[in-house]
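Some notes on the structure that comes next.
The values are calculated or read from the model by the stated rules, or taken from the named source; none is laboratory data. Remember, predicted model here, so these are calculated numbers, not experimental data. The accessibility values were calculated without ligands, DNA or RNA, using every heavy atom of the protein model including side chains. Shrake-Rupley method; radii C 1.70, N 1.55, O 1.52, S 1.80 Å.
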Amino acid sequence: MKQEVSTIFSTITDVPTDAIFGINDLFLNDSRREKVNLTVGIFIEEDGKSAQILPSVRLAEEEILRTSETKNYLPIDGDLEYIQATKELIFGKKDLSRIYGAQTIGGTSALRILADFVRREISKTIYISDPTWENHENIFRRANFNIQKYSYPDHVYEQLEKIPDHSVVLLHAMCHNPTGKDLSFKDWEKLEIVFKQKQLIPFFDSAYQGFGKGIEEDAFAMRHFLEKGHECFVAHSYSKSFSLYGERVGALFVVMKNDLLVDRMKRNIRSLIRTNYSNPPRHGAHIVKLILQTPKLRFMWEKEIEFARKRMQISRKIFSEKIQKAIPKNKFSFSSEGNGFFALLGLTDEQSNRLRIEFGIYLAPRARVNLTALTTKNIDYVVESIAKVL
Ligand code: LMR
């Protein structure tokens, strides 16, 4: 029997397990053979293999292995060429001198570093979409924000027209997570006008560039706000677009009115990074830089991302057709419209729990599915099981 000992930890706060990775852990501990994991947003191939190394990444790594001579520290805000290449990927090739950029540890640390900066210097309140990626709320809460919500995807402008002037608003630049529903180019243009009138401050989360309509098309919102002269923030992730999940490759950008304050911004962001993780890791950013800068590798990567995008679109369509066939419309409907990895099934928590407990089918919170996790092997089982829990 364990003895009760006095410990300084007996009063530590009990915090909930992570909403997405927590369910993933439950999946890993499930011993049923028929189990299906539709939780975390990682790319899954038709044969069920997940987060595979892209051929372009493999070639870049071989080149890095052959030519690298040092593992020295990078500058506090990362590899300059990587940042420039990322800036151009997001904003296009033009004069970008009024944008400050830094390399980060995936998109999450870009969000957190920017959150700390915004909270200290700009605003104590942030507006986030409801629903949004589960971790958004945690990140901004940890950074001591007062969090307000606007419902999504309907009536976005009507709601933002009513919030206080100068508010900071978190926007998903593409492939909204979890709904998969994006604003059209026309919608973004309309929204930009609301932002201009009310001097709202856009904070873009850009985690899926290339999986919506295309690499260039998915940058539309950020480029449009740049062209219209807005100041804004961007947190960018390469986890999905280069299948570099565990390498933690990301970047943050601060778009300013002109380049006069870029150096002061740099010192601010550098001091936040230095006191957090000192400086970012080399390897993943080196891979991305090499691919973006080398025409042959870049061409390969663009094809790879196109292939992944199509797989998502096809999976969404087939899933929707199978649902329509198997389940009467008045009981359950699933829209074949949407972008990227995710869709919401619109099931209740009770129905999701039944899918998990009775059928070994694991969904992320709010009955979100990773569409690439649906394969020819499991899709019929998933559809039949949904029909059973309805
Ligand atoms: C997801 O939403 O599943 C991904 O962004 C992975 C994560 O970090 O939650």
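With 20 Å as the cut-off, how large is the P(r) tail for the range 73-293, expressed as percent of Cα-Cα pairs? Let's see the in-between values first.
Details: 13371 of 24310 pairs.
In whole percent, the long-distance tail amounts to 55.
Share of antiparallel DSSP beta bridges in the range 73-293, in percent to the nearest 5? Before the final figure, lay out the partial values.
On the way: 12 of 29 bridges.
Taking every DSSP beta bridge with both residues in the range 73-293, the antiparallel ones total about 40 percent.
Bin width 5 Å, origin at 0, all Cα-Cα pairs of the range 300-354: what percent of pairs per bin?
Taking all Cα pairs of the range 300-354, the binned fractions are 4, 18, 21, 20, 17, 9, 6, 4, 1 percent.
Average projected area of the Cα convex hull of the chain, in nm²? Please list the in-between numbers first.
On the way: hull surface 92.1 nm².
Orientation-averaged projected area of the Cα hull: 23.0 nm².
Report, to the nearest whole %, how much of the accessible area of the chain belongs to carbon and sulfur atoms, 1.4 Å probe, protein only.
Values: 10060 of 19690 Å².
Within the chain, the accessible surface is 51 percent carbon and sulfur.
If Leu261, Leu59 are ordered by their accessible area, calculated over protein heavy atoms with a 1.4 Å probe, which sequence runs from highest to lowest? All intermediate terms of the calculation are to be shown ahead of the outcome.
Values: Leu261 90, Leu59 65 Å².
Output order, biggest surface exposure first: Leu261, Leu59.
Taking a cut-off of 15 Å between Cα atoms, list the aspartates and glutamates near Lys266, but don't count ones fewer than 8 places away on the same chain.
Correct list for Lys266: Asp77, Asp79, Asp116, Glu121.
Take the cross-link list Lys149/Lys190; Lys93/Lys162; Lys149/Lys322; Lys181/Lys240; Lys190/Lys289 and give me the ones stretching past 27 Å between alpha-carbons.
The pairs that break the limit, which is 27 Å between Cα atoms, are Lys93/Lys162; Lys149/Lys322; Lys190/Lys289.
Normalised by the empirical 2.2 N^0.38 Å for globular proteins, what value does the Cα Rg of the range 31-100 take?
1.69
Considering only DSSP beta bridges whose two residues both sit in the chain, what percent are antiparallel, to the nearest 5? Write out the running numbers ahead of the final one.
Values: 17 of 37 bridges.
Taking every DSSP beta bridge with both residues in the chain, the antiparallel ones total about 45 percent.
Rank these by accessible area, largest first, 1.4 Å probe: Leu111, Leu28. Could you put the intermediate results ahead of the total?
Working: Leu111 0, Leu28 110 Å².
Order by accessible area, largest first: Leu28, Leu111.
Whole number in Å², please: accessible area per residue of the chain, 1.4 Å probe, ligands, DNA and RNA not counted.
Ligands and nucleic acids excluded, the figure is 50 Å² per residue.
Name the most mobile residue of Arg356, Arg298, Arg58, meaning the one with the largest mean-square fluctuation, in a Gaussian network model of the chain with Cα contacts below 10 Å.
Result: Arg58 has the largest fluctuation of those listed.
Could you work out the pair-distance distribution P(r) of the range 1-141 from its alpha-carbon pairs, with 5 angstrom bin width and percents rounded to whole numbers?
In order of increasing distance, the bins hold 2, 6, 9, 11, 14, 15, 15, 12, 9, 5, 2, 1, 0, 0 percent.
To the nearest 10 square angstrom, what accessible area does Glu189 show with a 1.4 Å probe?
80 Å²
Can you spot the lysines whose alpha carbon is less than 19 Å from Lys329's alpha carbon? Ignore those fewer than 8 places along the same chain.
List returned: Lys317, Lys388.
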